[in-house]
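The values are calculated or read from the model by the stated rules, or taken from the named source; none is laboratory data. Given the structure is predicted, the values throughout are model-derived calculations rather than measurements. FYI the Cβ positions are ideal-geometry reconstructions off the backbone, even for glycines, and counts take in every protein chain you see. For accessibility, only protein heavy atoms count, side chains too; no ligands or nucleic acids. Shrake-Rupley method; radii C 1.70, N 1.55, O 1.52, S 1.80 Å.
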4 protein chains.
Amino acid sequence: MWSENVHERQDEEVRAVYPDGIHEAIAAGLREHLGEQAVVRTATLDQPEHGLTDEVLESTDVLTWWGHLAHDRVSDVVVDRVHRRVLNGMGLVVLHSGHESKIFRRLMGTTCALLWREADDREVVWTVNPAHPIAAGVPHPFVIPRQEMYGEFFDIPQPDELVFISSFTGGEVFRSGCCYTRGWGRVFYFSPGHESFPVYYQPEVRRIIANGVRWAYSTNAQRSQTYKPTPLSAGWYERRADEQA
Amino acid sequence: MWSENVHERQDEEVRAVYPDGIHEAIAAGLREHLGEQAVVRTATLDQPEHGLTDEVLESTDVLTWWGHLAHDRVSDVVVDRVHRRVLNGMGLVVLHSGHESKIFRRLMGTTCALLWREADDREVVWTVNPAHPIAAGVPHPFVIPRQEMYGEFFDIPQPDELVFISSFTGGEVFRSGCCYTRGWGRVFYFSPGHESFPVYYQPEVRRIIANGVRWAYSTNAQRSQTYKPTPLSAGWYERRADEQA
Amino acid sequence: MWSENVHERQDEEVRAVYPDGIHEAIAAGLREHLGEQAVVRTATLDQPEHGLTDEVLESTDVLTWWGHLAHDRVSDVVVDRVHRRVLNGMGLVVLHSGHESKIFRRLMGTTCALLWREADDREVVWTVNPAHPIAAGVPHPFVIPRQEMYGEFFDIPQPDELVFISSFTGGEVFRSGCCYTRGWGRVFYFSPGHESFPVYYQPEVRRIIANGVRWAYSTNAQRSQTYKPTPLSAGWYERRADEQA
Amino acid sequence: MWSENVHERQDEEVRAVYPDGIHEAIAAGLREHLGEQAVVRTATLDQPEHGLTDEVLESTDVLTWWGHLAHDRVSDVVVDRVHRRVLNGMGLVVLHSGHESKIFRRLMGTTCALLWREADDREVVWTVNPAHPIAAGVPHPFVIPRQEMYGEFFDIPQPDELVFISSFTGGEVFRSGCCYTRGWGRVFYFSPGHESFPVYYQPEVRRIIANGVRWAYSTNAQRSQTYKPTPLSAGWYERRADEQA
């Protein structure tokens, strides 16, 4: 669980909602739902290399990302490293304002801009893919009493799988749960969650984030290096068939 | 433009809104937008073979479908025929309550059921794929002042391309513009439009339906028979290369 | 594991390859890979109701389907029942010539026709979605020494996720591993496997079918009835928020 | 039509095949198929700003891209500019070795690496989406007698629409025609075409590239600036409805 951890230290109002930081609230939700299945660690912006060294990433199956004010302070070296690791099989769960993080924009190839209004909206989250593992155990719909509005057009590639759509008090809609595959890695974007509202304590939200982590975890053999396929020479095929035999 | 034309004859209130039938209102919108590009004809349920003979279908590039009360009165023989024709390249634009028509359910393979409320909702239609030809010239968003509510979960396959999402006064959301490819044919479902409200006179709605017809029209060589591929025998490939040479 | 079990009883050559029936060979592969995770049962065409009574289906999480000669002998009542059950959450894995089964065509909405040649082709199976759980542990590529050719155009909807593409000796290609979501159910089509060749004993094939069963198994609450959403009345939303609170 | 135009000047063998440069061969094909519908211009790497100034891009509806040896010599400033222009509505057609261009990798978010063998393969191109406008008039299949092999795994996001799959003499397969939407822009990748073989003179290849340019051309209002949506304030919605009324 990575978070920039900036709001919480600058802003008393945020600290009142998340006294131990947003990352600890999310990590607590993951521990609650994943139990023995996972070891949950946290890392933040101000640690050396933002806490995301090669060693840490290599031993991370799924990285969860929260950022907002400090996207530009994340070093490009670390973004390159996380990007490579995702393409090689690490799952990535991007939350709320993480839509404008360098890593999410890098993976999407678009601006990831969206319409927004920081007010006091009621968000209703609807499941549009009830067969999807990320929707398991999620009531249809559920209500987040107070939330920042995120609206369309959300400038992302069409999701490989769209799981949730939200509406807001102002009549806006938003693709709030989006799944992507990139290389050997799986990416889940989930928009609910805000620094000023206690969204990350809400049971439905915690369940979805935990489901997202489970889904993004790949059981496939993961690559430890960037994919650089070896050119084939003639006859490779018969040789491989022999090896298999 | 096919319509069952039942409401309009049974119900004075509907007749007050669509005195010449819903099909004529939609056909007028198509003529307005497509002009010389298309010849627009209408057919209705009570005609022999519902007006959808083999000859009519063979000379139809895109069929637009409106039905509601009388889905079950559409004969299976005609549904089979339309189905075959779509798979062989005829476009199909399915409107509003047509979601439960036999032909749409046949093409989708699901129940196509949805949540609904016949009240007096305001629908807001948002474009989520601004590069799509069906979104050309459509304001983002636009408002339909009075409309029946259609909400998720809408039991359809995930659209190949999702173009519009709507919200309703009650906080519901709906995938209101959905594109599919089936065989040689293209299918567009568009939900706005209701028998009791003058939705089919609204300029944005007319434009979208016309855009949908243009998109569903395939310039590809169309098949006049169901796809039954000939088994290949060894060496077909060299023979074809010779023919091409 | 359902199979029509016709070839095996009519044709000595097939019996030589699959002495206990194709279904037993596939079931053995499932038992080998799923172990304690699953109870594997078999059913065949000649049983009462083809062995697919309501009780059997209600207690089945994932149904695997093999058929070829006798598609038309599967009763429509049973097809309706399986269809409903898939839309309500039962997984379905369709193998090889099952592409023309009533149930697969019903779920796809297309002819599901394809190009074919019964010869002695070598099939090479390539993974095009290495992050997908169905590709876990599958060598890239792997070779099936002798196989019937299945080629494009395969008249199916574009898969929600395409996992494998095969090539054949004659230069043909085929989308050989295709994932779909339909309602609450997940459907996996996998083409390798033929009655005259020992494909269902090959380790890679067995692993993929087991992976497919795992993927198609939904942990979501399953519906025991067809989805018929209740119309909403005004104010439903505030009431539900109250209940959640 | 943009090309790096490096091979042709360094290598006599390539010059023998494309005496006026690859870009002129492709441009000739576009002129042949698009006729009066389009003005076809060319630009190359060694021009100032690679011939891709703001003015040129603003007046370009669809950019076609060929590069191979000199991907790294394309300046990041120009890549940023092209990227922005695609997201704002310019179509992009990327050919063959352009899969490793900076602009394609930027838009995809993945490595875009692939398996390859420079030999003397026969490529067979199969249509898997016969309803798609890019497949219009394309024989199924067609053969390219001599071609470099490009094989899977091709590290790209799952295409929004997959139109062609190719096979090669060695049994490899490749997703050779892939459509994407990114922001307001549409991107088509087409792999056939190589500097040493006369592929860009082949009629089927020319038709597909022209079809791709037509498909990527968006009739939608294009954005001249990066998408930066204005935050909404409460009541925006009623005001907009008033304006529409």
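Overview of results
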{"item": "Test result for C:D61, more than 18 Å from C:G21 (Cα to Cα) and in contact with a Lys or Arg (Cβ under 9 Å, 6 or more places away or on another chain)", "result": "no"}
{"item": "Qualifying residue in segment B:199-213 (condition: touching a residue at least 12 places away in the same chain (Cβ under 8 Å), crowded, with 22+ Cβ neighbours inside 10 Å and acidic (D, E))", "result": "no"}
{"item": "Contacts under 6 angstrom Cβ, first residue in segment B:37-62 being part of a loop (DSSP other than H, G, I, E, B), partner open to solvent by 50 Å² or more (accessible area, probe 1.4 Å), 6 or more apart", "result": "B:V40/B:R31; B:D61/B:Y217"}
{"item": "Selected residue [among the basic types (K, R) and either crowded, with 19+ Cβ neighbours inside 10 Å or more than 25 Å from B:P229 (Cα to Cα) (or both)] from C:R146, C:R239", "result": "C:R239"}
{"item": "Subset tally (residues that are over 14 Å from the mean Cα position of the chain (by Cα) and farther than 23 Å from C:S196 by Cα) for segment C:53-74", "result": "7"}
{"item": "Some residue of segment A:82-91 being under 23 Å from A:E204 (Cα atoms) and at pLDDT below 95", "result": "no"}
{"item": "Failed item in (1) crowded, with 24+ Cβ neighbours inside 10 Å; (2) touching a Pro at 6+ places or on another chain (Cβ under 9 Å), with D:V82 passing the rest", "result": "(2)"}
{"item": "One residue from A:V86, A:V77, A:V94 being assigned to a helix (DSSP H, G or I) and within 13 Å of the chain's Cα centre (by Cα)", "result": "A:V86"}
{"item": "Residue in segment A:64-77 that is within 14 Å of chain D (Cβ to nearest Cβ) and β-branched (V, I, T) present", "result": "no"}
{"item": "Number of the exception - C:D160 against (1) touching a helix residue (DSSP H, G or I) at 6+ places or on another chain (Cβ under 9 Å); (2) open to solvent by 10 Å² or more (accessible area, probe 1.4 Å)", "result": "(1)"}
{"item": "Filter pass, B:F104 being under 14 Å from the mean Cα position of the chain (by Cα) and within 29 Å of B:E12 (Cβ to Cβ)", "result": "yes"}
{"item": "Per-region count, segment A:1-33, residues part of a helix (DSSP H, G or I) and open to solvent by 60 Å² or more (accessible area, probe 1.4 Å)", "result": "9"}
{"item": "Hits in segment D:163-198 - residues which are open to solvent by 10 Å² or more (accessible area, probe 1.4 Å) and of a type in the set (A, V, I, L, M)", "result": "none"}
{"item": "Residue in segment C:190-206 that is under 26 Å from B:W184 (Cβ atoms) and of a type in the set (F, W, Y) present", "result": "yes"}
{"item": "All positions within segment B:97-126 that are in a helix (DSSP H, G or I) and open to solvent by 20 Å² or more (accessible area, probe 1.4 Å)", "result": "B:E100, B:K102, B:R105, B:R106"}
{"item": "Of residues in segment A:38-56 being closer than 15 Å to A:N5 by Cα and among the hydrophobic types (A, V, I, L, M, F, W, C), the one surrounded by the most Cβ atoms within 10 Å (Cβ to Cβ)", "result": "A:L52"}
{"item": "Test for C:L69: is it open to solvent by 10 Å² or more (accessible area, probe 1.4 Å) and in contact with a helix residue (DSSP H, G or I) (Cβ under 8 Å, 6 or more places away or on another chain)", "result": "yes"}
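Every residue, every condition in (1) without any contact (Cβ under 8 Å) to a residue 12 or more places away in the chain; (2) farther than 30 Å from A:N220 by Cβ, yes or no:
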position: A:A113; (1), (2): no, yes
position: A:P130; (1), (2): yes, no
position: A:M149; (1), (2): no, yes
position: A:C178; (1), (2): no, no
position: A:V187; (1), (2): no, no
